[in-house]
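Below: one structure, written as structure tokens.
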Amino acid sequence: EYEDFGNMTEGELVEKAKDLMKSNPESYTSLRGKMDAIKYNFYKKLRAKNDELKQRFVDEGGLPEDFKPAENPLDTELKAILQNYKEKRAAEFQRAEAEKLNNLGEKKRILEDLKGLLENTEEDFGKKVPQFQKLQQEWKSVGAVPQSEVNALWSAYQLCVENFYDNLKINNELRDYDFRKNLEQKVALCEQAEALSS
């Protein structure tokens, strides 16, 4: 939603910043555009006002370097609001980074479980399929990880998935081969039994 903050007074801008902070946003980062626009417009207006006061001061005979603008309570109030906003955004960022690290640990655990599933040669391969699917669902449900780890994790995951499906294909081919051999042996036994009975 676009709002034209340029038409607001300094007081209205401060009130708008206060309202945004009270609105309990899901993400303080989502307020960034509006807070930046408020800050920009507020200080643009304040500079223009101070430039006007300075010009009046000089016109009345004062030296430009002697001009000191009066303390503006709205400026002080806006600085406090912006500081609070900055702190909340930083805390939000820290929480997001901590969550990404937790997610990284969780994805690494899932990778280890996938590798363990592939290395386990004792268990019937048919029983591994539901476990594999469960691990895939877990992988998908885990949230974002630190950007620096995304490519390495994805490559390791893809390798595990490819290896699993390669092993599944080999397992199915071996099973089909066993079925064919069993069928051939049963047909041969039946033929021998018929030959004996005749």
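The values are calculated or read from the model by the stated rules, or taken from the named source; none is laboratory data. Just so you know, these numbers come straight off a predicted model, no measurement behind them. No Cβ is skipped: glycine too gets one built from the backbone with ideal geometry, and neighbour counts run over all protein chains shown. Surface areas here come from the heavy atoms of the whole protein model, side chains and all, with no ligands, DNA or RNA. Shrake-Rupley method; radii C 1.70, N 1.55, O 1.52, S 1.80 Å.
Annotations
- Options (i) 1.06; (ii) 2.15; (iii) 1.45 - which one matches Cα Rg over 2.2 N^0.38 Å as calculated here: (ii)
- Values of log10 I(q)/I(0) for region 19-113 across q = 0.18 Å⁻¹ run -0.89, by the Debye formula with one identical scatterer at each alpha carbon and no solvent.
- Each of the peptides 64-71, 80-87 was scored by the mean count of other Cβ atoms within 10 Å over its residues; in descending order, highest first, they stand as 80-87, 64-71.
- Residue-normalised accessible area of region 74-198, expressed per residue, 1.4 Å probe, Å²: 72 Å²
- Figure note: Cys190, Cys160 ranked by solvent-accessible area, largest first, 1.4 Å probe, ligands and nucleic acids not counted: Cys190, Cys160.
- Fraction of accessible area attributable to carbon and sulfur, the chain (%, probe 1.4 Å): 52 percent
- Legend: residue pairs Lys44/Lys79; Lys22/Lys45; Lys49/Lys79, Cα-Cα distance threshold 21 Å; pairs beyond threshold, Lys22/Lys45.
- Cross-link reach list, aspartates and glutamates versus Lys16, counting only Cα pairs under 19 Å and skipping chain neighbours closer than eight places: Glu1, Glu3, Asp4, Glu26, Asp36, Asp75, Glu77, Glu87
- For the set Asp59, Asp166, the ranking by accessible area, highest first and with no ligand, DNA or RNA atoms included, is Asp59, Asp166 under a 1.4 Å probe.
- Simple Cβ-charge dipole of the chain, Lys/Arg +1 and Asp/Glu -1, about Cα centre, in debye nearest 20: 240 debye
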